[in-house]
Each structure stands twice: as structure tokens, then as C-alpha cells.
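> Take a look at this one; I'll ask things after.
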Amino acid sequence: MVNNVQKSKIDKSHPKLPARHPVTGGRRQRRATETRLRIFRSALELYAERGFQSVTVEAITEAADVGKGTFFNYFASKEQVLAVFAEIQLGKVNEALQLAFAGNEPTEKVLRKLAKGLAQEPGRTPELARALISAFLANSAVRALMNRTMIEGRRLLAKLIAAAQKRDEVNSRLKAEAIAKQFQQTMMGTILFWSLHGEPSLEKCVEESFKYFWRSIVAAESQKS
């Protein structure tokens, strides 16, 4: 079972939904958003504790202290609960894209921050990371959801990279789409390896992986000896 420290970490430090689900549109809307997030957080706890396949809708509703009718007002199935995870991750990519377009920070800093941000959700505990990876691999509905998310994420990342190439920060001879795909593969591989043992910290693992990723795409004239 997940210990109290792990549960607290999942509960208290989970971010809000991205802008497409604002929490400032009146009391009813705020309460609906809070309920949706509570169901999502409760589901994450159970996925980490029991594994995705073993968790039922009944277990989620009990943990979230809501009725089944309330659950189905927000989600069609337990698989669709992970749509919130997808929204959060895409929201972070979109925020990075907007930051890159603003041009106030170098692309290296924007991408490093994004890498660490994307690792935050699955990296709350090794158990949660393994449960999410298992769900992606074993469930066709979840796999389809995450595939759509990855495709959209690559599209946004490619735009970010293309902008960096125009500023001569990234090697212009490389395809922006290929770099975006490599970024996703680097992140997924890092999280997978970390989930097997949990040490060193995921943040350190992501930093190390990002360092080599960036060296492989940086414009030649920007490289340091």
C-alpha cells in the first residue's frame, strides 16, 4: 500500500487544471472543477496503490466520497479519468510554447523547465509511474487517449523548436518534428528507468537526460567546449 507520505504528496501538491478548465467562473463551476479534480486525485492514489487494472469505478467513488452518478457526470469510465492527466501535460507544453514565443527566455531554459514539469505528474512516486505506464501499455482506450495527447504534444513542441531554429538556438539542419519526437522519447525513457528503482531522484535523472538531449540539438555555433 502507498504510505501516508506518498498519499500526502499526491494530494497536496497536485496542480490545478490548465486554463481550458478555469476555476473562476462562479461557485457552481468552481465546485464542479473541484469535484473533478478530487475524483482524479483519488484515482491516482488508487492506481499507485493497487495498479490501474485492479481499480474499479466503485473504489474511486468511495475514495473520492462521491456517488457513481457524480462520477459519470464527469467521466465515461475509469480510463477517461486519465484525460485529466493528459490535459495537465498538454497544458504545460502549451505554456512552454507561449513562453518560447514571448522570447524572454532562451529555449534551453524553456525546454529544461518543461522537461521537469512533465515529469512532475508521473514522478510523484515510482508506484504511480509504474501504474500509469502499465495503463498505457495494457489498456487500448488509455493507449488511444495518450497517443492522441502525444501527437498533439509533438505538434506544439515542433512549433517551439522551429521558432528556436529561426533564432539560431537549435541546429536548423535537423527536422523540428524529429526533435520533438526525440524529446518525448527522452522523457518517457527517463521516467520508465526511474520507476524501476526510484533513485536517484527523478529530477536529477531528468536533468541528466536533458543535458545530453540539448547537446544533440543545439546549434553548432552555440556549443561550448
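> Which ³J(HN,Hα) values in Hz, rounded to whole numbers, follow from the phi angles of the stretch 191-197 under the Karplus curve 6.51 cos²θ - 1.76 cosθ + 1.60, where θ = phi - 60° and Gly and Pro get x?
With coefficients 6.51, -1.76 and 1.60, one gets 5, 4, 4, 4, 5, 6, 9 Hz.
> Let me ask something additional. Report the residue, chosen from A64, A76, A176, that carries the largest GNM mean-square fluctuation when the chain is represented by alpha-carbon nodes joined by springs under 10 Å.
So, out of A64, A76, A176, the one fluctuating most is A76.
> Please grab the % of Cα pairs in the chain that end up more than 22 Å from each other.
When all Cα pairs of the chain are counted, 54 percent exceed 22 Å.
> While we're here: Could you give the nm distance between label points at Q53 and Y212, where each point is 7 Å from its Cα heading toward the beta carbon?
3.1
> Report the full-extension gain for the segment Q29 to R173: residue separation times 0.36 nm, less the Cα-Cα distance, to one decimal in nm. The partial results should precede the final answer.
Details: separation 144, 0.36 × 144 = 51.84 nm, distance 4.76 nm.
Gain on extension, Q29 to R173, equals 47.1 nm.
> Residue by residue, what Karplus-based ³J(HN,Hα) values in Hz, rounded to whole numbers, does the stretch 114-125 have, using 6.51, -1.76 and 1.60 with θ = phi - 60° and x for Gly and Pro?
5, 4, 5, x, 5, 7, 4, 5, x, x, 5, 8
> Quantify, in whole percent, the carbon and sulfur part of the accessible surface of the chain (1.4 Å probe; protein heavy atoms only). Each step should come with its number before you reach the end.
Values: 6190 of 12170 Å².
That share works out to 51 percent.
> Keeping every protein chain in place, order E87, E34 by accessible area at 1.4 Å, biggest value first, i.e. largest first.
From most exposed to least exposed: E34, E87.
> Further question: Test of understanding: in a Gaussian network model of the chain with alpha carbons linked when under 10 Å, which of A96, A138, A115 would top the mean-square fluctuation ranking?
A138
> On average, how much accessible surface per residue is there in the chain, in Å², for a 1.4 Å probe, leaving out ligands, DNA and RNA?
Details: 12170 Å² over 225 residues.
Per residue, the chain has an accessible area of 54 Å².
> Per residue of the stretch 33-45, in order, report the coupling 6.51 cos²θ - 1.76 cosθ + 1.60 (Karplus, θ = phi - 60°) as ³J(HN,Hα) in whole Hz, putting x for Gly and Pro.
Karplus values, whole Hz, x for Gly and Pro: 5, 5, 5, 4, 5, 5, 4, 4, 5, 5, 5, 4, 4.
> Using the structure shown, select from K113/K166; K78/K181; K159/K204; K181/K211; K159/K211 the pairs with a Cα to Cα distance greater than 19 angstrom. Walk me through the numbers on the way to the answer.
Values: K113/K166 21 Å; K78/K181 28 Å; K159/K204 27 Å; K181/K211 16 Å; K159/K211 21 Å.
Correct reply: K113/K166; K78/K181; K159/K204; K159/K211.
> In nm², what is the average projected area of the convex hull enclosing the Cα atoms of the stretch 103-201?
Numbers: hull surface 27.4 nm².
The Cα convex hull of the stretch 103-201, projected and averaged over all directions, gives 6.9 nm².
> Once you have the alpha carbon radius of gyration of the stretch 37-103, what is it after dividing by 2.2 N^0.38 Å, with N set to its residue count? Intermediate values should be presented prior to the final figure.
Details: Rg = 14.8 Å, N = 67, 2.2 N^0.38 = 10.9 Å.
The reported ratio for this selection is 1.36.
The values are calculated or read from the model by the stated rules, or taken from the named source; none is laboratory data. Quantities reported herein were computed from a predicted structural model and do not represent experimental measurements. All Cβ positions, even for glycine, are placed from backbone atoms using ideal geometry, and neighbour counts span all protein chains on display. Quick note on the areas: whole protein, heavy atoms, side chains included, nothing else; ligands and nucleic acids left out. Shrake-Rupley method; radii C 1.70, N 1.55, O 1.52, S 1.80 Å.
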